[in-house]
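We did not get these values from a lab; they are worked out from the coordinates using the rules stated. Everything numeric here is computed off the predicted structure, so don't read it as measured data. Every residue, glycine among them, receives a Cβ derived from its backbone with ideal geometry; neighbour counts consider all protein chains shown.
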Amino acid sequence: MADYDLAIIGGGLNGVSIARDAAGRGLRVILLEQGDLGAGASSASPRLVHGDLAGLERRHFLRVRSALAERDIWLRIAPHLVRPMRFAIPAHSDERPAWQLRSWLLLYDRLASRNALPASATVDVTHHPIGNALKRPFGTAFEYSDCVVDDSRLVILNAVDAAERGADIRTGARCVRADRLETWRLAVIDRGRRQVITARALANATGAWTASVAETILRIPPPGLRTVQVGQIVVRRLFDTDNVYVFQNSDRRLIFASPYERDFTLIGTVGQAFKGDPAVVAMAAGDVAYLCDAANRYFRERIELVDVIRTVSGANTVVDPAGRRDARDGEVSFDARRGKAPLLTSFGGDVTTARLRAERAVSRLTPFYPMSPRWTAKAALPGGDFAWAQFDAQVDRARERWRFLTEVQAQRLVAAYGSRLQGVLGDAKSRADLGPAFGLELTGAEVRYLMTKEWARFPDDILWRRSKLGLTMSSGDRDALAAFMTMVG
């Protein structure tokens, strides 16, 4: 008998979503991630959960409708991570005409759920707060509803839920060889120790490494794929409203500018073909300048290259040749040869459609295993067992329970842990009860929780994936955090 029903290589959003779905259907699951969960493209997304307004221009109406349905599902099952916001598109005659934008938005409203988020509207920016940050030439804008998401924590909480449903999640575990017989026989280096694992089926969910894993580890012909790099920049906060601005650039790309971690703005996305090691992805100076120029076309406050605090980029795999499918869909392929154990390959796609992609992937295994029905569309992620409209009430309850929390601290903690905040703060009566402080927000109690419950091993795991506190933490506090984690670990 095999050790597991399904082994998954890769701990990005695709991999952990498959693990969650399969574990919840009763399969014995192991996930192997050579580094940290979500360390690749899954933590370098534009942080949007949306129907893709630009998809209407390509006449991908069914895909937009499906993505909007997924947006509403994420709002229900992860209300702490996924937040509805109003998106604003300034209109001007140089690009798409106003009538075209308005017709898109009317169709967008029709394709979306009628009782979810507010419908689109036309705004006179000369008498509206969203116009305060814009240059004067823009007199009209269009508003519509979509969502932003903490992409890194979405990965982590999918993994947490998978583990609580019985999945074996291993970070720092690298699969170095996979032999395909009637079952899969995997050679794994797990934190320096070699181990052999058997599984009835295997899923390759390694993102930008999909082709190289197929060729070197699985020893099968690599699928016809190409790798693209996406990137965003982080600058100081450029506007006071909670809107996401959507800018039409001269090359017809749509550029987003989003509120980011309270004091910053995230601007993106720019994409380019990528060749090289996916573990080493950096934005070219030309791409950074492109995003600065796009923002400067619209915002009053000018930004230069020296104002870029951080670049966020990652490589992902898409189907080649381009154009056959919408890149947002991603790809799930299934190989079930007679006498050979099944192989799933899942790659690409965006955050919005990840749950649906995993559901379809696991469903391909139903002829081989008895399993429970589809379930992930109705089950909340850990900490998400409240209505999205009750987020502020959750913050108020947290401040009543832990009176030493400031409003800002409570908002960050609820956004990360939702209704499970008790597991982080316990019965603390003061900040001192939470152990040493690293910067203004991170405490020893939270670090311990992240190490014991969320697989954090190194400071960057906490500062850039479990949170974004690396944006504000001093080098001295980083050193103290590293020393503390060494002591705890």
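Key figures
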read-out	value
Candidate values (i) -0.27, -0.78, -0.95, -1.32; (ii) -0.37, -0.98, -1.13, -1.36; (iii) -0.22, -0.65, -0.80, -1.17, label of the one derived for log10 I(q)/I(0) by the Debye sum over Cα atoms at q = 0.06, 0.10, 0.11, 0.13 Å⁻¹	(i)
Calculated FRET efficiency for the pair D335/A289, C-beta based, R₀ 35 Å, to 0.05	0.20
Value of Rg to Rh for the stretch 139-213 (Rh from inverse mean 1/r over Cα pairs, i.e. Kirkwood)	1.20
Segment D251-E182, extension gain: residue separation times 0.36 nm, minus the distance between their alpha carbons	19.7 nm
Cα gyration tensor category, rounded, prolate or oblate, for the stretch 48-107 with a/c compared to 1.5	oblate
Separation between Cα centres of the stretch 67-131 and the stretch 198-233, rounded to whole Å	35
Cut-off of 10 Å, at most 12 other beta carbons, DSSP loop: longest stretch of the chain lacking such GluC sites (Glu not before Pro)	305-489
Mean Cα-pair separation over length for the chain, i.e. relative contact order, pairs under 8 Å, 6 or more apart, %	20
Amide N proximity, the stretch 212-234 versus D190 label position 7 Å along Cα-to-Cβ, cut-off under 20 Å	218
Model label zone, R219; criterion: amide N under 20 Å from point 7 Å along Cα-to-beta-carbon; scope the stretch 150-187	174-187
Count of lysine pairs in the chain with Cα separation under 27 Å (8 or more residues apart, or interchain)	4
Within the chain, percent of DSSP bridges classed antiparallel, to nearest 5	80
Cleavage-rule hits, chymotrypsin sites (Phe, Trp or Tyr not before Pro), the stretch 8-100, DSSP coil, Cβ neighbours within 10 Å at most 11	none
Under-5 Å amide H pairs with T269, H placed in peptide plane, nonlocal only	F256
Where labels lie 7 Å past Cα in the beta-carbon direction, separation of D460 and R59 in nm	4.6
